[in-house]
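> Take this structure, written in structure tokens, and hold onto it; I'll ask about it next.
The values are calculated or read from the model by the stated rules, or taken from the named source; none is laboratory data. Predicted model, so just to flag it, every value in this text is computed and none were measured. Positions of Cβ are backbone-derived with ideal geometry, glycine not excepted, and every protein chain shown enters the neighbour counts. Each accessible area value is taken on the protein alone, full model and side chains, heavy atoms only, with ligands, DNA and RNA left out. Shrake-Rupley method; radii C 1.70, N 1.55, O 1.52, S 1.80 Å.
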Amino acid sequence: MNIIRQLLSKPWLSDDADITDSYNQTQCLRVVQTQSTKTALVFFLMVVTVVFFLISITFLSRSQYPDFTALAGPPWLPFSNPITLWVNSAFLLLASIVIRFAATSKASNESVANTRMVLALCLTGLFSCLFLIGQLLVWQQLTASGFAVNGNPANSYFYLFTGIHGLHLAGGFIALIRVVISFVKHADNERLSANLGLCVWYWHYLFIVWMLLFALLTATPATYKTIALLCGF
Amino acid sequence: MKEIQPIADDHQPSGFFAKYVWSLDHKVIAIQYSVTAIFVGLIALVLSALMRLQLGFPDHFSFIDPSSYLQYVTMHGIIMVIYLLTALLLGGFGNYLIPLMIGARDMVFPYLNMLSFWTYLVSVIVLIASFFVTGGPTGAGWTLYPPQAILQGTPGADNGILLMLLSLAIFIIAFTMGGLNYVTTILQARTRGMTLMRMPLTLWGIFIATILGLLAFPALLVSAIMMLFDKLLGTSFFMPAILSLGENLDYTGGSPILFQHLFWFFGHPEVYIVALPAFGMVSDVIATHARKNIFGYRMMVWAIVAIGGLSFVVWAHHMYVSGMNPYFGFFFATTTLIIAVPTALKVYNWLLTLWRGNIHFTVPMFFAIGFIFTFTHGGLTGLFLGNVVVDLPLSDTFFVVAHFHMVMGVSPIMVLFAAIYHWFPLVTGRMLHTGLGKLHFWVTFLGTYAIYLPMHYLGFLGVPRRYFALGDTAFIPDSTQTLNAGITVAALIVGVGQLIFIFNLIWSLRRGKVAVANPWQATSLEWQTPQCPPVHGNWGDNVPVVYRWAYDYSVPGHKTDFTPQNKTDAESLLPDKGGL
Amino acid sequence: MVIAVVILLLVISSLLFHFLSPWWFTPIASNWTAIDQTINITFWVTGTVFVAVNLFLAYVVYRYRHNKNRKADYEPENHKLEGWLTVLTSIGIIAMLTPGLFVWADFVDVPADANEVEVVGQQWHWSFRLPGDDGQLGRTAIALINLNNPFGIDPDDPHGQDDVLINSNELHLPIERPVKVLLRSKDVLHNFTVPQFRVKMDLVPGTQSYLWFTPTLLGRYEILCLELCGIAHYTMRGHVVVESESDYQTWLNQQPTFKQSLARISRDIAAGQQSYTACIACHGVNGEGNRAIGAPVLAGQESDYLNRQLNYFRSNIRGGSDDDIYGRQMLPFAAMLADDAAVANISRYLHSLPLVTVTKSTEHRGNVSVGREIYKNCAVCHGEFAQGHYAQKAPKLAGQYTGYLKRQLENYQQGIRGKHPQDMYGSQMILMSKLLQDEQAIDDVLAYIATLQPVQ
């Protein structure tokens, strides 16, 4: 129901109340639970978005300081040709695709469906792990080639961004495992399907965030300047 | 009507640990939060007494040196704002009241709720641990400004600051878990008939405050992580090229002002995270004890929403003298003075609720009146500080200290006491002793005003805050020392006076008068449970259905001067008006 | 009933307190009377609201107290009333904000003819720099700061050569001339405040902030740091002296430029040794001092500190008090040093002397572990090993006679030392010495210092 209309309603007039607005608890318990988890995830994603947004905005501001040296641009800079990052992105994309498959695959036979789902979830786990390992490799390579975390601010922000992103992915991983364990314990198909759907959203969200970070962290100084100007720095 | 399944864990908990320690019941969790918060709050109160001893009687207490003084200042501030007020208002009252007021059996995520308490407790333990590490807790002020917070010359720059930042990060995780519960429960688990606009203002305050918290705490988290990086990894987020005690350090290029932006982007909404639940609760206390509907309910809701939204665009009024781009001053002064308007409207509406009411002078009502008086005062002094150029002579003086204690310390505490005296019968089934309550009120109300009114004048004079001692300063007359001593005495009396309250709480738990159900004859749902105090599952077999808003007090044509939200018209109207 | 009366009384007593209180703004000494006027407007608006709201509160609380024969009204809302209240409140807000923003615009917009002064802040004292004849301040960098270049001016920048350096806590300004104060910090956040001038601003390391004002009243005004900058934040004081143009010129001519300060670096240690012969009788041929007659160890002491103390003795800034028995003895000896160069030479010579070991005194009994706790407050300036630091203007304490140190602490506590207005860092030590609230505390901290090994 339209939130504005709600805020404008006069609650002391009983005939003005829109009762269908209020959530009807006579509905099935599971539906309440599913709706709730979805709402919670939406709010959680808002929180995570604020985190990344704030780091990004401070990053853009810092990019205009004289001591900032972008990590991309001339060919000798590590991200002028970020092959490893592309590979990692591919892993994350595969993880996203596979988890979607796990959540939506339909098969005639229940045991086939379950097997497919289990396989797909294992692949999700595998690809996500490969992504995280790949990120750690990038860290290692960067540090070895002299771009330590406490060097240039561009370095610091790279480690910060990827570290926080990685932590969120790891957290999602734990949530996914809990979803699977819960399914194994209670064999509730509807609940599983709902929760898997939410995991899919989360993986897609982290993938989009990653691609935005990728673009931001491998941009050239000229790009930073343009974006910073747009933001008023 | 179909049989409703409880949302919460269906199994009745058994055994001491399941019932009282790892409980999933929102009421138990609320009490756990409240007890923990009040406990650390008392520690912070003692710290403030130590601070006042130094300020009132300098050179008398050899165990208070500049280093420990700054540590007391810092820990007092951070505990009060975050670990007491935020935790008690949202974790304590939010947890207890939300499911009851919306007619739910529990929060939608009881397990997550339990986790959030234990995480909060861990954050408290980590914070207190900083008293026991080498160098002691950080003494950088609750605002933790870099570069000083992580450099020698400030207490706790080695270990204390690390534990502080870690504790804050853990708290934020706890808050996020709790916050997701509160907003989701309010949005999804309201019982039939409970529209958003039929919710009591307590819930609106808590609801918007939770959203503010979810969106604002990330800024604190980001700034804490960046400061940890600067300290532990040698990055330069906030650290420019600097000397530390004469030695050149390795940092370069960072901006201390950046920290301040991040901190206050969190810090300003934080004060509304404390204030909005207080506004909501005091509205309900006033309405109940004056037997009158809250005046202008819609405006009150809109004001809460507006204040919540505006609170995100005023933060740099804490930074007028920070050295930031001075042109920002124009923008933030304007938004800050704009936010005064919805706040003022709320004050008018509380007064207009009392107008033509039938005011019972119960202890909650006394505290509510005390709130109106002190909040008006504190809000008005905020207008001085918000007006950028007026802030210039007053910034970083005791005027600021007096202002924020009035609006954060005194008035929300008035509401907290009002709320505790009001809801104590619901939680425990007993009444708090009225005589002791009134004594507690007078000592606290008059005492805190005696502390903070004169303090503003120290600020006008120019007496700086966070000064261990004033020494021989030409423009500060000796009479200032007398004034400081007087404030200290008042503070000690108020501090000791709180023992009356603690005693009342403990005594009344065992020997308080047994409460009848709904002793204040309130309309909101939390008082309409079949058992008082409510048991696990809250509503017995059937959850309530709501037929009216939360403020049907003294409605013409109704049988009694209050009509609970779950009473139908047939049950509540007089026979000649259509009732039964 | 009672509460209504109490509220009324609180309103009246608050008003009385306001009008009768002696605690108000210090008399203004700058052009910013507009700030005071804006504050007055704010007072009238907020004061009116305070009185009106609380009188109304007292009234309703009295008039509508519980009466079982009366029923409360039922009025969910009243649009018209709420509308009017919104309008009135907004008018009040605008009435305060508008003048405020105009005055702020004046603050942001510095007059073109303002002279520039740089205030440099560090833990825990002030120093100042003027642009000199070319009107431009030279480039500075943290990396360039050292004992010989405390301002960190780039010697290759021609604009910096004529910068006037004031390496003390006292700034002079000519009356009635607008001044733009540029604020720079060497280490942490500080804040430059002179309450009589009304304006203040933080010093932020890594960037430069500013404020401006025109001093309008002759006088000597205290500078306070108003941004918590560490343990000794409350001791970070200075002074601004507002004087006539001619007095100002006199003062200005006495201050060295950067170029001159560079020229002074080379010290003639041999000449210093020569001057020192007059001091050997008390202070010993190796600068080891003499416990019995109260002469301190001088060997290896911070040269900057010795320089300053000798100059103080020469100008009776130290040792001028009748109660300073030993200090007075120094006056004629210090007077023997003909000029600044002689002072600098002898200081450098003494600094170069190898450290001496002093035998521990048996008189004073102090508790070393208590002393360690106390000393943490001193360490921030005097160093973890009491080795002193030129940047903190702090002398070496390790390896010094306990009796001498004790006498100095007592002199500070009693104002025998450090009270002279030209003793730039004396007030700081007076404040710090007050931490030691009895003789036992002094003995304790000195017992701890006695355990510290002096380092070269």
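> Spot the failing condition for B:Y120; the list is (1) hydroxyl-bearing (S, T, Y); (2) at the interface with chain C (Cβ under 10 Å from one of its Cβ atoms); (3) crowded, with 24+ Cβ neighbours inside 10 Å, and only one is missed.
(2)
> Out of the residues in segment C:352-362 that are at pLDDT below 90 and hydroxyl-bearing (S, T, Y), state the one that is most open to solvent (accessible area, probe 1.4 Å).
C:T357
> Under 7 Å between Cβ atoms, at least 6 apart or on separate chains: pull out the pairs that start in segment B:150-172 with a residue that is over 14 Å from B:M75 (Cβ atoms) and end on any residue that is acidic (D, E).
Close Cβ pairs satisfying both conditions: B:I150/B:D230.
> Criterion first (within 13 Å of chain B (Cβ to nearest Cβ), open to solvent by less than 60 Å² (accessible area, probe 1.4 Å), of a type outside the set (D, E) and within 30 Å of C:N149 (Cβ to Cβ)) does C:G383 satisfy it?
When the stated conditions are applied, C:G383 passes them.
> In addition: Are any residues in segment C:16-71 of a type in the set (S, T, N, Q) and either on the phi > 0 side of the Ramachandran plot or open to solvent by less than 80 Å² (accessible area, probe 1.4 Å) (or both), and if so, which ones?
C:S21, C:T26, C:S30, C:N31, C:T33, C:T38, C:N40, C:T42, C:T46, C:N54, C:N67
> Consider only pairs whose beta carbons are under 8 Å apart and that are at least six residues apart or on different chains; among these, list those whose first residue lies in segment A:121-148 and is over 24 Å from A:R178 (Cβ atoms) and whose second residue is open to solvent by less than 70 Å² (accessible area, probe 1.4 Å) and not in a helix (DSSP H, G or I).
A:Q141/A:P78; A:L142/A:P78; A:L142/A:A148; A:T143/A:V149; A:S145/A:P78; A:F147/A:L71; A:F147/A:P78
> Filter segment B:374-400 for residues that are in a helix (DSSP H, G or I) and more than 21 Å from B:I339 (Cβ to Cβ) and give the result.
Those that are in a helix (DSSP H, G or I) and more than 21 Å from B:I339 (Cβ to Cβ): B:P393, B:F398.
> Same structure again: Can you tell me which residue among C:Y349, C:Y375 is open to solvent by less than 30 Å² (accessible area, probe 1.4 Å), farther than 25 Å from C:S127 by Cβ and more than 12 Å from chain B (Cβ to nearest Cβ)?
C:Y349
> Looking for whichever is more than 9 Å from chain B (Cβ to nearest Cβ) and part of a helix (DSSP H, G or I) here; the options are C:G100, C:G83. Which one fits?
Going through C:G100, C:G83 in turn, just one is more than 9 Å from chain B (Cβ to nearest Cβ) and part of a helix (DSSP H, G or I): C:G83.
> Only one of these conditions is not met by B:M107: (1) under 30 Å from B:F279 (Cβ atoms); (2) open to solvent by 10 Å² or more (accessible area, probe 1.4 Å); (3) within 11 Å of another protein chain (Cβ to nearest Cβ). Which number is it?
(2)
> What are the residues in segment C:111-125 that are more than 8 Å from chain B (Cβ to nearest Cβ) and either touching an Asp or Glu at 6+ places or on another chain (Cβ under 6 Å) or surrounded by fewer than 18 Cβ atoms within 10 Å (Cβ to Cβ) (or both), if any?
Selection gives C:P111, C:A112, C:D113, C:A114, C:N115, C:E116.
> While we're here: When you go through (1) open to solvent by 10 Å² or more (accessible area, probe 1.4 Å); (2) closer than 30 Å to C:T38 by Cβ one by one for C:S185, which number turns out not to apply?
Going through the list (1) open to solvent by 10 Å² or more (accessible area, probe 1.4 Å); (2) closer than 30 Å to C:T38 by Cβ, C:S185 breaks only (1).
Residues are listed down the side, and each one gets a yes or a no for (1) in contact with a His (Cβ under 8 Å, 6 or more places away or on another chain); (2) within 16 Å of A:L85 (Cα to Cα); (3) modelled with pLDDT of 90 or more; (4) surrounded by fewer than 17 Cβ atoms within 10 Å (Cβ to Cβ):
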{"residue": "A:N152", "(1), (2), (3), (4)": "no, no, yes, no"}
{"residue": "A:S156", "(1), (2), (3), (4)": "no, no, yes, no"}
{"residue": "A:L160", "(1), (2), (3), (4)": "no, yes, yes, no"}
{"residue": "A:G171", "(1), (2), (3), (4)": "no, no, yes, yes"}
{"residue": "A:L176", "(1), (2), (3), (4)": "no, no, yes, no"}
{"residue": "A:H186", "(1), (2), (3), (4)": "no, no, no, yes"}
{"residue": "A:A194", "(1), (2), (3), (4)": "no, no, no, no"}
{"residue": "A:L198", "(1), (2), (3), (4)": "no, no, yes, no"}
{"residue": "A:Y202", "(1), (2), (3), (4)": "no, no, yes, no"}
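> Okay, next question. What are the residues in segment A:131-161 that are within 13 Å of chain B (Cβ to nearest Cβ) and of a type in the set (S, T, Y), if any?
Residues satisfying the conditions are A:T143, A:S156, A:Y157, A:Y159.
> Is it the case that segment B:485-499 has a residue that's crowded, with 18+ Cβ neighbours inside 10 Å and within 14 Å of chain C (Cβ to nearest Cβ)?
Yes, there is a match, as at least one residue in segment B:485-499 is crowded, with 18+ Cβ neighbours inside 10 Å and within 14 Å of chain C (Cβ to nearest Cβ).
> Only residues in segment C:221-239 that are facing chain B (nearest Cβ under 7 Å) count as the first member; pair them with residues that are part of a helix (DSSP H, G or I) and of a type in the set (D, E, K, R), Cβ under 9 angstrom, at least 6 apart or cross-chain, and list the lot.
C:I231/C:K376
> Within segment B:289-313, can you find the residues that are open to solvent by less than 10 Å² (accessible area, probe 1.4 Å) and part of a helix (DSSP H, G or I)?
B:H289, B:Y297, B:M300, B:V301, B:A303, B:I304, B:I307, B:G308, B:S311
> Determine the pairs where a residue that is under 15 Å from C:R65 (Cα atoms), located within segment C:1-12, has a partner that is open to solvent by 90 Å² or more (accessible area, probe 1.4 Å) with Cβ atoms under 6 Å apart, the partner being 6 or more residues away or on another chain.
Correct list of pairs: C:A4/C:Y62.
> Restricted to segment B:230-250, and to residues that are open to solvent by 40 Å² or more (accessible area, probe 1.4 Å) and within 19 Å of B:L144 (Cβ to Cβ), which residue is nearest to the other protein chains (Cβ to nearest Cβ)?
Ranking the candidates gives B:L233 first.
> A further question follows. Taking the stated definitions as given, is C:V455 more than 11 Å from chain B (Cβ to nearest Cβ) and either under 26 Å from C:E288 (Cβ atoms) or open to solvent by less than 20 Å² (accessible area, probe 1.4 Å) (or both)?
Yes, satisfied.
> Could you figure out which of (1) over 19 Å from the mean Cα position of the chain (by Cα); (2) more than 12 Å from chain C (Cβ to nearest Cβ); (3) of a type outside the set (D, E); (4) open to solvent by 30 Å² or more (accessible area, probe 1.4 Å) isn't true of B:A316?
(4)
> Checking the condition within 11 Å of another protein chain (Cβ to nearest Cβ) and either in contact with a Lys or Arg (Cβ under 7 Å, 6 or more places away or on another chain) or of a type in the set (S, T, N, Q) (or both), which residue from B:T482, B:T444 passes?
B:T482
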